1. Please list, in order, the residues from the stretch A:173-201 whose amide nitrogen is less than 16 Å from a point placed 7 Å along the Cα→Cβ vector of C:Lys34.
2. Given the pairs A:Lys95/A:Lys220; A:Lys95/B:Lys204; B:Lys56/C:Lys179; C:Lys100/C:Lys210, which are separated by over 27 angstrom at their Cα positions?
3. Residues in the stretch A:150-193 near a label at C:Ala26, defined as backbone nitrogen under 14 Å from the 7 Å Cα→Cβ point?
4. Rounded to the nearest 0.05, what FRET efficiency is calculated for A:Glu14 and B:Glu195 with R0 set to 22 Å and r the Cβ-Cβ distance?
5. Per-residue mean of other chain beta-carbon atoms within 10 angstrom of the beta-carbon, peptide B:109-121?
6. Mind giving me the nanometre distance, one decimal, between the label points for A:Arg183 and A:Glu68, set 7 Å out from Cα along Cα→Cβ?
7. Please express the shape of chain A as an equivalent ellipsoid: the semi-axes are the square roots of 5 times the eigenvalues of the C-alpha gyration tensor, given largest first in whole angstrom.
8. Quick one: helix A:216-231 against the long Cα principal axis of chain A, what's the angle to the nearest 10°, folded into 0 to 90?
Amino acid sequence: MKKIVVPGELLTAERKRPGEHVFMQNGKLYSDVIGILDDKPGDVSVIALEGRYVPRMDDVIVGVVGSEKATGFMVDLNSFTQSFVSKKDIREQLKPGYIISARVLDVNELKEAELGQIRVFYGGEIISISPVKVPRVIGKNASMLDVLKRGTNSTILVGRNGWIWAKGGNVQLLIKLVEKIEREAHLENLTVKVQDFVANANKSVKPQAFAENPALEERKAVEKLDKELKGMVLNNESDSNGS
Amino acid sequence: MAAKKKEEKTEFVNKQGKRLDGRTTDQVRPIKIQVGVVPRARYSYRMATFSVPDRKNPKPGRRDIEISKVSSEAFERAIFTERFPNTAIDIFVEVLDSNAGTRIAALTCAAVAVADAGIPMRDLISGVAVGKAGGKIIVDMNKFEEDAPDAVDIPMAILPNTEEIVLLQMDGLLSKKEWLEARGKAFEAIKQVYELQKQALLKKYEQPVEAAENGGVVQ
Amino acid sequence: MSSLVSWDFRTDKVLQAIREGKRLDARAFDQYRKINIVKNISENADGSARVKIGETDVIVGVKMITSTPFPDSPDAGTLNVGVELLPIASPTFEAGPPDKESIELARVVDRGIRESKCLDFKEWSIEEGTLCWTAFVDIYALNHDGNLFDAAALASIVSLLETKMPKLEDKKIVKGEYKGKIKLSRKPLLCTFAKIANSVVADPSLPEEKAQSARFSVAVTEDDYLTAFQKGGLGSFTASEIDSAIDIALKNTKEIRKQI
C-alpha cells in the first residue's frame, strides 16, 4: 500500500527535485500536506488527499449560484473565492440557489476563476468529494464513471471542483459509491471494489422516495461534457491547494 | 475531597516520583484526538460557559483574545500563507471542557484540523504545557497542580522538524536551571504528542474492513 | 444567519416532493429523525448533555450560580438561557454577539421550560431579598442540519435533569461538592413544524427549513399541557394546521420522553 505522509514529514535527504506539495528545508525534502508519497527516481512529490479546489483553465465545474448583484451573480465553486458572472454573459435566467455547470476560461493571480459556457441544471443532487479525488471518480478513460452510471442509472456530471451533479436513477446509491471512493481513493483496485459494492448494494440501498427524471436536454448536455473525459489524460497529481 | 486537601500540605510529587494522579513527572495525560467530528470548518478561541468551574461570561475576555493572538502567530509560521493571497483562513476553537493546559490542547487540536483541511503547512504544531509544582518540574499539569503555591506554567509549542518554538509563555518564578530542565522535558513530551497527532490524521486512511461490503455503511 | 428565505438548490425539489406527499428523506410528515442523547458530557458543568437529531448536533451545559434575586421576586431563584450558534455549525453562522436568531431560539427554549412550571423557583431562594440560585443554561450549536430548536430544548431538559445542586457553606459554593440534583416536576419538550407549500411537516431537515414559509413550535408536557407557542417566519398557518401540529406534538413527545 502506498505511504501516506503528513505535513512536515521528512521524505528524503537525497538530492531530488521537489515536486508537487514538497518543499526543501536545510537540504532535505518535506511534505506540506497530508497525501500519498510519490517517490520517483528523479523527483519526489505528494498527491494531496484533502483540500479545496484551485481553478485551472479549461476545467468543467459544477457551481451553485449565490447572491445576485446589480450586473451579475456570484457563483460558489468550492474554491477560495466566488466567481462573478456578468448578466451579459448568460443566456438563461439565473436565481440564487441554482446549480450550473461552467467552464473555467481564465484564472488570475488571486486564483479567481472567470467562468463561461454557463448552463443551468434543475433539481437533482450535489454530491461533494475532495477535489483532489475527482480523478478517481472519473477513472482511466472514464472507466469508473461508467461503472457509476451503469450501477445507478443516474445522469452524472462530475465537476473538476469536487462537486458532482446527479439526477435520476438511484442517487442514494451513487452517494454511497462516491463516499466509498472518497474513503478509499488511496487504495488500489478501486474500480473492481466499487463494482462489487454495486452488485451487492442494489437491493439494500433504495432510491429516494421522490423520483426525478433528467430532461432530455440535460442528459444530452452531460453526454457532451462526458465525451471530453474519455480522451483526457487525468493528472493524478492535482495542483489543488496553492502550489 | 477538595475541602480536605486544603488542610494538608499537598505533596505534589511523592518520594516514589509519583504525582497526585499517579503520573510520573514526564507523563502527559491520556490524549484523544479525532478528526471529522463535526461536519463543516483567524484563530478564534472561545470557551463554553460551562467549560470551567466558575461559569465563564460567554463574551470573549482579554485572556481569550491574548490566546487567540499568540496562537494565530504560531499558525502564521506553520502555514504557507503566501500561497493564499487575499484570503483569510479562519480557525475556530471552542473549548467545551477545560482542566489546565487548555491553550496548548486547543492549538494541538487545531493543527490537526488545519492539516485535515488540506491547508499546506511547514509542519504540524505540537505542544505541551510544562511547569513546576511542589518544587518539581512536571509536564502537562492538571488543575490541581496548576494551583500549587509555587506553580509555574509554561505553555510551549514547536514545529517538530526544526524544533522551532512558535508559542512560548510563562507564568511564575523559575531559575534558569529549572527552565533548562523544563525545556528538556517539554521537548521529550512533545514527541509523544506529535505521534498522536499523526495517528489521528492517518486514522481516516486506514485500510477499511472488507467484511462490511453489503451495501451498508462502512464505519 | 438570515431570517429571510435563503434559496437553496434543494428548495424546488423539497416543494415538488411535498406536493406529491413525500419528503426527501422518505420520512412521514409527522416523523422525527433519529434522536441520540448523551448525558453528562462535561466535567465542569453542573449538568450537561449532547443531543443529535439526525445530523443536527447541540451541546448544553448548566451552571448553578448564586446571585441576587430580582426585586419583584425576592424569594425566588431564576433561569437564564443562552444560545451560541457556533460558526462551525453552519456556513451562515458568523462569529460575534448573539443575533436575533439565537436570541429567539434562547427565548423559546426558556419559555417552554419556565412556563411549564417544572422548576419551583421558590426552592432556589437562599436568603430572601439578597441571595438565590440562578441556573444558567448555555446552549452551543455544533452542527445545523435543521431544527436546532428541538435539539436545543431536548438537550436543555436532559441537562437540567442531570444538574447537581452545589453545596453551600456560609452562602458560598463549595467547589466540587454537591447535594442532590435539582427537581423538575415536569419534562416539557419542544416540537417544531415547518410549513412548506400547503403542508406541515414535523422536525424539518435543513433543506426543508430553507424551503419553509413559516415555522411553528409548541412545548408540551407529559400530562398533556401546552406550555409555549412560537410562530416564526414570513408565512402563516391555518387554525386547523396548528391544531394538528399540537396533536402530533403530544403524540411524538410520548416516544421521545422514553429516551430521556
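Computed from the coordinates by the stated procedures, all read-outs in this text should not be read as laboratory data. From a predicted model like this one, the values you see are computed outputs, not experimental measurements. With ideal geometry, Cβ positions are generated from the backbone for all residues, glycine too; neighbour counts draw on all protein chains shown.
1. Only A:176 fall inside the zone, counting backbone N under 16 Å.
2. A:Lys95/B:Lys204
3. A:170-176
4. Step by step, r from the Cβ atoms, then E = 0.30.
5. Mean partner shielding for this stretch: 5.
6. 4.2 nm
7. Working: eigenvalues 207, 125, 36 Å².
Values for chain A, descending: 32, 25, 14 Å.
8. So the inclination is approximately 20 degrees.
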